[in-house]
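Single-structure report; data block below.
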Amino acid sequence: MNRTQNQMKLTVYTRKPNQAYTESLSNSIHCACTDDNNEFQPLNRNYGILFALATVDGNNVIHEKGLKNPYVFRTADGSFGIVAVRVDALGDDDEDSRGCILLWTSPDLVTFHNHGLVQLHRELYVKEAVCELDGTGEEYEIRWQDNEGNFYLSRLSDLMKTDCISPPELAEAFAVDRPEQPLPGTNPGNVISVDSRIGRLVQASWTPIHNTEIRVPESVSVTSADELKAVKVMAVYSDGSTADKQVAWDGKGIDYTVPGTYTVQGKVVTHELPFPLASGYADPVILPWNSKYYFLATNDNANDIGIYVREADTLSGLFAPGYKEAVILDLDEEQNFIQTFWAPEFHVIGEDLFILFAVGGREWCPQCHLMKLNKGGDIMNAGDWHLPIRVKQADGAYLAEDGITLDMTYFKVDGTSCLVWSYRKGIGTPLDTGSMLYIATINEDNPAVLTSEPMLLSRPLFGWENVQGTINNEGPYPLITEDSVYIAYSGGAATGYTYSLGLLSIPRGSDYLDMNAWTKASTPVLSYYSIEGIYGAGHNSFFKDYDGNVLMLYHGEEQLVKHGTRCTGMHRVHFNRENVPVLDVAKERDVHPDYADCSMQVIVLP
């Protein structure tokens, strides 16, 4: 069936690894849909959508997993299921997955429920499996092949009760309906036909949101230049969402003392400064404070020693030649502040301004600290800051004695104050746990001491988090909306092109210390596939400028190399039709050049 019959085709596949797309990324489920020419077009920019979860052994060590041979099928209620074979990190047979397949279900191929492993056999390795409803439409037939070329059939009446699967029985060989012309560089799975309405929804959900129109008022009435400056336009996006945009209006020809009608030209403001903004500055944050802007970051140019702050009246002034910068905390051997001055962040906690950061002493072992600004103090004056203190648990013990802690952040919502940070144990040893995100509550009056037990929030179990020899969940930063709390965090190699942003979310009013109450996106929300010319985009922060725009900073690199120069970037945060933050609407996708120039009638009132 084709598009003319109100149908589209959809396929799943994995990719063949290459130097710029490793096994950790390629051994995941990708998806493509047919376009108007009935040709398959990759979704999600040809980046993985579903990743197998790693396992954690008795020593708390993560073992990366991948998958192969995905197969998508329709369920009894008209929704979707996907099965695949789990493999090890290199794509080979996985002992932990012997006799098993992975199963996901989805109402729309946009959101997914992971059912984990389904046991088909105790001894045999599964090479490939397919799943379909039988002729009655009431039972699923899982046909599978083992590594010896034998074929089997297992039956399951309810996908939600996978432990009720029947014993396997020998069966005839099955064939998989694969694309006639597979996408280049892929290991094709099967093809299914879907209603075009569903197909277009899947396409739209996994296609980057982009600007489709700028709506300009036909005319406005003003009495001053300030009123003209305040006139905004509406940007419309491919998903139907909108955003109000400031415009640099050219009102030089208007005489506000003489009533009349004028035609004015303008250009939409994008709130995106050129990348890179600051070379050698990673983990960046910006604080609007007392009508000025302040910039903090890890300073790779100084070998990550010292905390450097910039001050300016405008955002662009923070990065203009001759910027004003001060060192407010330098190497101090007496206090044992010697190395790894990492990821400093401004946060207002209670009525005070703090900087949360990690620092280490003579022995390499960064730990979370915070330091407070004196009441009425000058951010740029080192003498106005209290001596940093190390964060402790509720019982008075340090946050960690057996590992490293770093990248601490803070949020307060609906009366609850929380710290979130990254913790790692055994780094560089066979018992490396990988870096994990933890969360705990605090009292605003004494934020250096936790008021709850630290609770695990996230571990790097997806292939895109556990890649290039780096097992990372780090760099958390909150974004609070009317109905949800979001935490963007970083996974992958902090000094490599695979560094990416993940997203955790939870409804406001939930138990923020309950890991199971949070939803974790299965694929990055910002990666090196997201914005052309920016690699390894990660460790971000959010802030709202004085015009009310929500912006984000992050660091990235200009080349597809490891251990390149980390540089600061910035663009606007978009909110889609469901008011969910979208972190990759940048450059021409935010404001298309064809729509940036505006014209409108201005009526000057008497």
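Out of the residues in segment 326-368 that are over 30 Å from the mean Cα position of the chain (by Cα) and in a strand (DSSP E or B), state the one that is farthest from residue 447 (Cα to Cα). Taking the candidates together, the pick is 326. Among the conditions (1) farther than 17 Å from residue 26 by Cβ; (2) surrounded by fewer than 18 Cβ atoms within 10 Å (Cβ to Cβ), residue 469 misses just one, which is (1). Scanning segment 26-41 for residues that are surrounded by fewer than 18 Cβ atoms within 10 Å (Cβ to Cβ) and either more than 13 Å from residue 181 (Cα to Cα) or among the polar types (S, T, N, Q) (or both) turns up 35, 36, 37, 38, 41.
No other residue among 197, 143, 178 is out of contact with any strand residue (DSSP E or B) (no Cβ under 8 Å at 6 or more places or on another chain) and not polar (S, T, N, Q) apart from 197.
Among the residues examined, residue 371 does not qualify as in the same structural domain as residue 404 (by TED's automatic domain parsing), over 31 Å from the mean Cα position of the chain (by Cα), within 24 Å of residue 553 (Cα to Cα) and of a type in the set (A, V, I, L, M).
For residue 321, the conditions (1) more than 30 Å from the chain's Cα centre (by Cα); (2) within 29 Å of residue 228 (Cβ to Cβ); (3) part of a loop (DSSP other than H, G, I, E, B) are fulfilled apart from (2). If you go through segment 424-432 one residue at a time, do you hit one that is acidic (Asp, Glu) and more than 22 Å from residue 550 (Cβ to Cβ)? The answer is yes; a qualifying residue exists. In a residue-by-residue description of segment 8-25, the property of being buried (at least 17 other Cβ atoms within 10 Å of the Cβ) and among the basic types (Lys, Arg) applies to at least one position. The residues of segment 225-266 that are free of Cβ contacts under 8 Å to residues at least 60 places away in the same chain and more than 35 Å from the chain's Cα centre (by Cα), listed by number, are 225, 226, 227, 250, 252, 253, 257. With the structure loaded, tell me whether residue 435 is free of Cβ contacts under 8 Å to residues at least 40 places away in the same chain, closer than 22 Å to residue 61 by Cβ and buried (at least 22 other Cβ atoms within 10 Å of the Cβ) or whether it fails that test. When the stated conditions are applied, residue 435 passes them. Of all residues in segment 257-271, exactly one satisfies the criterion of being in contact with a Leu (Cβ under 9 Å, 6 or more places away or on another chain) and surrounded by fewer than 16 Cβ atoms within 10 Å (Cβ to Cβ), namely 259.
Go over the candidates 507, 454, 478, 460 one by one and state the one that is surrounded by 22 or more Cβ atoms within 10 Å (Cβ to Cβ) and at pLDDT 95 or above.
460
Kindly establish whether residue 278 is out of contact with any Lys or Arg (no Cβ under 7 Å at 6 or more places or on another chain), of a type in the set (Gly, Ala, Ser), within 21 Å of residue 551 (Cβ to Cβ) and surrounded by 19 or more Cβ atoms within 10 Å (Cβ to Cβ). Against the criterion (out of contact with any Lys or Arg (no Cβ under 7 Å at 6 or more places or on another chain), of a type in the set (Gly, Ala, Ser), within 21 Å of residue 551 (Cβ to Cβ) and surrounded by 19 or more Cβ atoms within 10 Å (Cβ to Cβ)), residue 278 qualifies. Against the conditions (1) in contact with a strand residue (DSSP E or B) (Cβ under 9 Å, 6 or more places away or on another chain); (2) under 27 Å from residue 574 (Cβ atoms), residue 330 satisfies every one except (2). Within segment 284-302, is there a residue that is assigned to a helix (DSSP H, G or I) and not small (Gly, Ala, Ser)? Yes, segment 284-302 has at least one match. Within segment 487-499, the presence of a residue that is touching a helix residue (DSSP H, G or I) at 6+ places or on another chain (Cβ under 7 Å) and surrounded by fewer than 22 Cβ atoms within 10 Å (Cβ to Cβ) is excluded.
Can you pull out the residues in segment 532-551 that are surrounded by 18 or more Cβ atoms within 10 Å (Cβ to Cβ) and without any contact (Cβ under 8 Å) to a residue 60 or more places away in the chain? Of everything in segment 532-551, those that are surrounded by 18 or more Cβ atoms within 10 Å (Cβ to Cβ) and without any contact (Cβ under 8 Å) to a residue 60 or more places away in the chain turn out to be 535, 536, 537.
Given the condition within 17 Å of residue 10 (Cβ to Cβ), assigned by TED's automatic domain parsing to the domain that holds residue 28, modelled with pLDDT of 95 or more and polar (S, T, N, Q), answer yes or no: does some residue in segment 99-108 qualify? Within segment 99-108, one or more residues are within 17 Å of residue 10 (Cβ to Cβ), assigned by TED's automatic domain parsing to the domain that holds residue 28, modelled with pLDDT of 95 or more and polar (S, T, N, Q).
The values are calculated or read from the model by the stated rules, or taken from the named source; none is laboratory data. On a predicted model such as this, the values are computed, not experimentally measured, just so you know. Note that we place each Cβ from the backbone using ideal geometry, even for glycine, and neighbour counts take in every protein chain shown.
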